[in-house]
1. I need the peptides 55-63, 170-178 ranked by packing, meaning the mean over residues of other C-beta atoms within 10 angstrom, with the highest value on top.
2. In a shell of Cβ-Cβ distance under 12 Å around Leu51, excluding Leu51 itself, what net charge do Lys and Arg (+1) and Asp and Glu (-1) give?
3. Report, in debye and to the nearest 20, how large the dipole of the chain comes out about its Cα centre when Lys and Arg carry +1 and Asp and Glu carry -1 on their Cβ.
4. How charged is the neighbourhood of Arg126? Take every other residue with its Cβ under 14 Å from the Cβ of Arg126, and add Lys/Arg as +1 and Asp/Glu as -1.
5. Based on DSSP H runs of at least 4 residues, each adding -39500 (n - 2.57), what is the mean residue ellipticity at 222 nm of the chain after dividing by all its residues, to the nearest 500 deg cm²/dmol?
6. Take Glu68 and Gln148, extend 7 Å from each Cα along the Cα→Cβ direction, and tell me the distance between the two endpoints in nm.
7. Can you find, among Ala110, Ser138, Ser74, the residue sitting farthest towards the positive end of the charge dipole of the chain, where Lys and Arg contribute +1 and Asp and Glu -1 at Cβ?
8. Need one number: convex hull volume per residue for segment 60-102, Cα atoms only, in Å³.
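Each reported figure results from applying straightforward, stated rules to the coordinates on display, with no laboratory input. Computed from a prediction, not measured in an experiment: that's the story for all the values here. Positions of Cβ are generated from backbone atoms using ideal geometry, with glycine treated the same way; all protein chains shown enter the neighbour counts.
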Amino acid sequence: MLKGKTVLLRPFRRSDISFFLKWFNDPEVVQYLDMYLPMTEMFEEKFIEELGTTRARSDVLFVIEAKEGASTKSIGNCGLHGIDSKDRNAIFGIIIGEKHYWSKGYGVEAAQLLINYGFQQLNLHRISSGAVAFNERSIKFHKKLGFQEEGRLRQAMFKNGQYHDRVEFGILREEWKGL
Ligand SMILES: CC(C)(COP(=O)(O)OP(=O)(O)OC[C@H]1O[C@@H](n2cnc3c(N)ncnc32)[C@H](O)[C@@H]1OP(=O)(O)O)[C@@H](O)C(=O)NCCC(=O)NCCS
């Protein structure tokens with residue numbers, strides 16, 4: 001469990017599947033993600049199973065819980081994927097699936113906890129990320145976290161009937177420590 005001022009990050013549970021089905025089948029959320037097919041219970045069950053087996057060393061995922069008085073509410077998830085033990089890098093991902101919680105600072109705090117965990121506990125050297133170019137909130141979010149814009153993949157993503165650029169980001173361990 002990683003604890004912040006307004007959020008907690010905790011490991012996945014099988015009972016989280018109902019939240020994931022809601023979030024990953026919401027077109028307003030999915031328009032910003034790499035995934036695009038309808039999310040099924042069978043896929044989520046298999047994914048969670050793999051987190052305990054074949055993906056146990058390559059993917060670290062947490063549910064984001066917003067603190068609300070004495071209780072908490074599950075609002076999204078975040079993770080480091082494709083953790084590479086030679087090059088010491090990983091790919092960052094995040095989704096706040098509960099839309100009422102967008103733009104209230106939860107995403108930045110959750111990401112700070114996760115990135116810190118990646119550099120300080122997993123001993124990563126570099127974390128990569130990316131966003132579809134029309135996701136202005138995500139682009140500001142990455143810059144606020146200290147990610148550097150490293151490139152633009154032209155027309156790399158097809159969304160809402162047209163092609164969009166993908167903005168690539170990266171942050172190095174020494175840049176994070178310097179913040
Ligand atoms: C992207 C996401 C993780 C950001 O988290 P959040 O909690 O909504 O954002 P925060 O409140 O932490 O805001 C981060 C920064 O984004 C900017 N921002 C917030 N709302 C914005 C908006 N509507 N448009 C443009 N920028 C915005 C702000 O500059 C803010 O920095 P500030 O505090 O200095 O003003 C979250 O909105 C989300 O999960 N969205 C849906 C899925 C998604 O886009 N995932 C990311 C895929 S790359």
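1. Details: 55-63: 16.9, 170-178: 15.3.
Packing order, densest peptide first, comes out as 55-63, 170-178.
2. On the way: positive: Arg13, Arg14, Lys46, Arg55, Arg57; negative: Asp16, Glu44, Glu45, Glu49, Glu50, Asp59.
Here the charged neighbours net out to -1.
3. On the way: 26 positive and 23 negative charges, 98 e Å.
I would put it at about 480 debye.
4. Local net charge: -2.
5. Working: 6 runs with 52 residues, N = 179.
About -8000 deg cm²/dmol.
6. Distance between label points: 4.1 nm.
7. Ala110
8. On the way: hull volume 3.1 nm³, N = 43.
Roughly 73 Å³ of hull volume per residue.
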